Amino acid sequence: MGKISILIADDHKLIRETWTHILNEDPRFRVIAACGNAEEAVEFAIEKKPSIILMDIIMTPISGLEATKQIRRISPDSKIIGVSMHSQPAYAKKMLQIGARGYVTKNSSKKEMIKAILEVNDGKKYICDEIKDIVSEQILEDDHSGPQINSLTDREIQIINLIKEGGTSREIGKELEITVKTVEVHRHNILKKLKLKNAASLVNFLHNNSGSF
């Protein structure tokens, strides 16, 4: 049986190089490409048709979620595993809804990543233990009063991460190539969805929920 071909898409060079080294040392795998942005991931998917794509969900100039949608259309046989620092189940749910076959966080171990690749390659779906544990806790707590993170769009998630980095509306608009007015509309929608009153409360919310975005 041939090696499982893998594409790694992550905007951190060290992560790309580390996982390329780890996976290429395993005789079951072959990393055929690694890239630092989602547009390149789409191009490599078209060109190389990898069996597995490890897709970071927060990248530029388009998000990993948008890239996943595009790859599902152009290379349907490539199976995508979302990879992210975000441990909120909402992100895993969103990735699976748009066609990914698995989701692991960057807290996952080497053993779990390899397990995810093998199971997804065999046609199964895989959600990492960290996400499963959080879902179990949420069910036990029966807490439905929190902010509606799952309702956030890909663009709103991008903007939240730029706000966390201290970006102003003008700077965010320049980064995402949208108008300041459009950024302000997104900010308003984010406040509404997260049930917050103003920009100060949003900053405070992001500070207190740094692991959620």
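May I ask you to verify whether E119 is at negative phi, charged (D, E, K, R) and modelled with pLDDT under 85? No; evaluated as a whole, the condition is false for this residue.
With a requirement of 2 or more residues that are β-branched (V, I, T) and within 19 Å of the chain's Cα centre (by Cα), the strands (runs of 3 or more DSSP E) lying completely within segment 1-94 that satisfy it span 4-9, 52-56, 79-84.
Per the listing E141, E156, the residue uniquely open to solvent by less than 20 Å² (accessible area, probe 1.4 Å), acidic (D, E) and modelled with pLDDT under 95 is E156. The set of residues in segment 80-109 that are under 21 Å from K49 (Cα atoms) and open to solvent by 10 Å² or more (accessible area, probe 1.4 Å) comprises V83, L96, I98, G99, R101.
The values are calculated or read from the model by the stated rules, or taken from the named source; none is laboratory data. Keep in mind that what you see is a predicted model, and the values were worked out from it rather than measured. To get the accessible areas, we keep the full protein, side chains included, count just its heavy atoms, and leave off ligands, DNA and RNA. Shrake-Rupley method; radii C 1.70, N 1.55, O 1.52, S 1.80 Å.
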